[in-house]
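Just below is one structure, and these are the notes that go with it.
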Amino acid sequence: MLTLTQTLILHVLTGLIGVMASYTVLMNLLGKRFSLKLLKISSVAAAVLYVISWLTGGYYYVIRYGVEVKPVIKAGDYPWAHSFFTEAKEHLFLFMPVVAIIVAAVVFLYGDTLNTTRSVKRTTTLLAFLVVLIGTFVTVSGIIISGSVR
Amino acid sequence: MKKGKQTQIVNGLIAGGIISIALVTILTVVGDLYSPLKDWLKVTFSHHWIGKGVLSTVALILGGIGGGLFEIDGRKQTADKLLSALAIVLIVGIIALLLFYYYEAFLVTH
C-alpha cells in the first residue's frame with residue numbers, strides 16, 4: 001500500500017508523463033506523415049496515465065489536501081493559490097481523461113485514414129492541443145500551489 | 001466487431017464526452033452559486049469533486065454503451081460534426097471555469 005506522499009509522487013509523475021504523451025500525439029498529428037504505431041501507443045498511454053493521475057491525485061486531495069494543506073494556504077500570504085489555481089486545476093483536470101480517451105478511440109478507429117479525412121484529423125489535432133494546454137496549466141498550477149504552502 | 005458498430009460506439013463516446021464536459025462545467029459553476037446542489041453532491045458522493053468525476057465518467061460510459069446498443073448514426077461525417085461540437089464545448093468549458101474562478105478569487109468579496 002502506498003503512503004500519501006508516494007501517492008502524491010505517483011500523481012505528479014503520471015500526470016507529467018501523460019502530458020508528454022499528449023504532446024507526442026499532438027506533434028504526430030501536426031506532421032504530414034506520422035507513425036500510426038507511435039500515435040496509438042502515445043494516445044493510449046496518455047489516457048491510461050491521466051486515469052491513474054486522477055485516482056491518485058483525487059485520493060491525496062480528499063484525504064490530505066483539503067484537511068491539512070488547504071487551511072495553510074488560505075491562512076497564508078497567497079490564498080489565491082487555492083481559490084484560483086487549485087480550484088481551476090482540479091476541475092479543468094476532469095476534462096483531460098475524457099478527451100484523451102476520445103482522442104485514443106478516434107486514433108484507433110480512423111488512424112489509417114486520418115490523412116485522407118482532413119477534417120477529422122484537424123479536429124482531433126485541436127483536441128490534442130487543448131489537452132496539452134490544460135495539462136500545462138495544471139502542471140504550472142501544481143508548482144504554484146506547492147510553493148504557496150511554504 | 002464490425003467497423004460500422006465501432007464507429008457507432010466511438011460516436012456515442014464523443015456524444016458522451018460532450019455531455020460529460022458540459023455537465024462538469026455546469027455542476028461546478030451552478031454548484032458554487034447555488035449551495036444546495038453542491039451539498040447534494042457532497043452528501044451523495046462524500047465530496048463534491050468526486051461527484052463531478054463520477055457523473056462525468058457515467059456520461060462518457062453511457063454514451064459509448066448507447067452508441068453500441070442503439071442505432072446511433074455511425075457515419076464518419078457524424079463523427080466529424082461531433083468532434084467539432086466536443087472541441088467547442090471544451091473551449092467554452094475551459095474559458096468558463098477560468099473566468100469563474102478568476103472572478104471568485106480576485107473580484108468577489110465573500
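The values are calculated or read from the model by the stated rules, or taken from the named source; none is laboratory data. Computed from a predicted model, the values in this text were never measured in an experiment. Note that each Cβ is placed from the backbone with ideal geometry, even for glycine, and that neighbours are counted across all protein chains shown. To get the accessible areas, we keep the full protein, side chains included, count just its heavy atoms, and leave off ligands, DNA and RNA. Shrake-Rupley method; radii C 1.70, N 1.55, O 1.52, S 1.80 Å.
Looking only at segment B:1-43, count every residue that is hydroxyl-bearing (Ser, Thr, Tyr) and modelled with pLDDT under 95 and tell me the total. Explain how you work it out, then say what you get.
First pass over segment B:1-43, keeping only residues hydroxyl-bearing (Ser, Thr, Tyr): B:7, B:20, B:25, B:28, B:34-35.
Pick out the ones that are also modelled with pLDDT under 95 and you get B:7, B:34-35.
Going through segment B:1-43 one residue at a time, the tally reaches 3.
How many residues does segment A:68-115 hold that are among the β-branched types (Val, Ile, Thr), free of Cβ contacts under 8 Å to residues at least 60 places away in the same chain and closer than 25 Å to B:LEU13 by Cα?
Our first condition is that a residue be among the β-branched types (Val, Ile, Thr); within segment A:68-115, this holds for A:69, A:72-73, A:86, A:98-99, A:101-103, A:106-107, A:113.
Okay, now just the ones that are also free of Cβ contacts under 8 Å to residues at least 60 places away in the same chain, so A:86, A:98-99, A:101-102, A:106, A:113.
Checking the rest, the ones that are also closer than 25 Å to B:LEU13 by Cα come to A:98-99, A:101-102, A:106, A:113.
Of the residues in segment A:68-115, 6 are among the β-branched types (Val, Ile, Thr), free of Cβ contacts under 8 Å to residues at least 60 places away in the same chain and closer than 25 Å to B:LEU13 by Cα.
Let's see how each residue does on (1) in contact (Cβ under 8 Å) with a residue 60 or more places away in the chain; (2) open to solvent by 10 Å² or more (accessible area, probe 1.4 Å); (3) out of contact with any strand residue (DSSP E or B) (no Cβ under 6 Å at 6 or more places or on another chain):
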| site | (1), (2), (3) |
| --- | --- |
| A:GLN6 | no, yes, yes |
| A:VAL12 | yes, yes, yes |
| A:LEU16 | yes, yes, yes |
| A:VAL19 | yes, yes, yes |
| A:TYR23 | yes, yes, yes |
| A:SER35 | no, yes, yes |
| A:LEU39 | yes, no, yes |
| A:ALA46 | yes, no, yes |
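Going through segment A:139-150 one residue at a time, which ones are open to solvent by less than 20 Å² (accessible area, probe 1.4 Å) and either within 11 Å of another protein chain (Cβ to nearest Cβ) or touching a Leu at 6+ places or on another chain (Cβ under 8 Å) (or both)?
Matches in segment A:139-150: A:SER141 only.
Identify the single condition in (1) away from chain A (no Cβ under 11 Å); (2) touching a residue at least 12 places away in the same chain (Cβ under 8 Å); (3) not hydrophobic (A, V, I, L, M, F, W, C) that B:TYR34 does not satisfy, given that it satisfies every other one.
(2)
Within the set of pairs 6 or more residues apart or between chains, which connect a residue that is at the interface with another protein chain (Cβ under 8 Å from one of its Cβ atoms) and open to solvent by less than 40 Å² (accessible area, probe 1.4 Å) inside segment A:116-133 to a residue that is assigned to a helix (DSSP H, G or I) and aromatic (Phe, Trp, Tyr) with Cβ atoms less than 7 Å apart?
A:THR117/A:TYR110; A:VAL120/A:TYR110
Scan segment B:1-25 and report the pairs whose first residue is within 8 Å of chain A (Cβ to nearest Cβ) and whose second residue is assigned to a helix (DSSP H, G or I) and among the basic types (Lys, Arg), with Cβ atoms within less than 6 Å and a gap of 6+ or a chain change.
The qualifying pairs are B:VAL24/B:LYS52.
Out of the residues in segment A:89-115 that are open to solvent by 10 Å² or more (accessible area, probe 1.4 Å) and at the interface with chain B (Cβ under 9 Å from one of its Cβ atoms), state the one that is farthest from A:LEU39 (Cα to Cα).
Per the criteria, the residue is A:GLU90.
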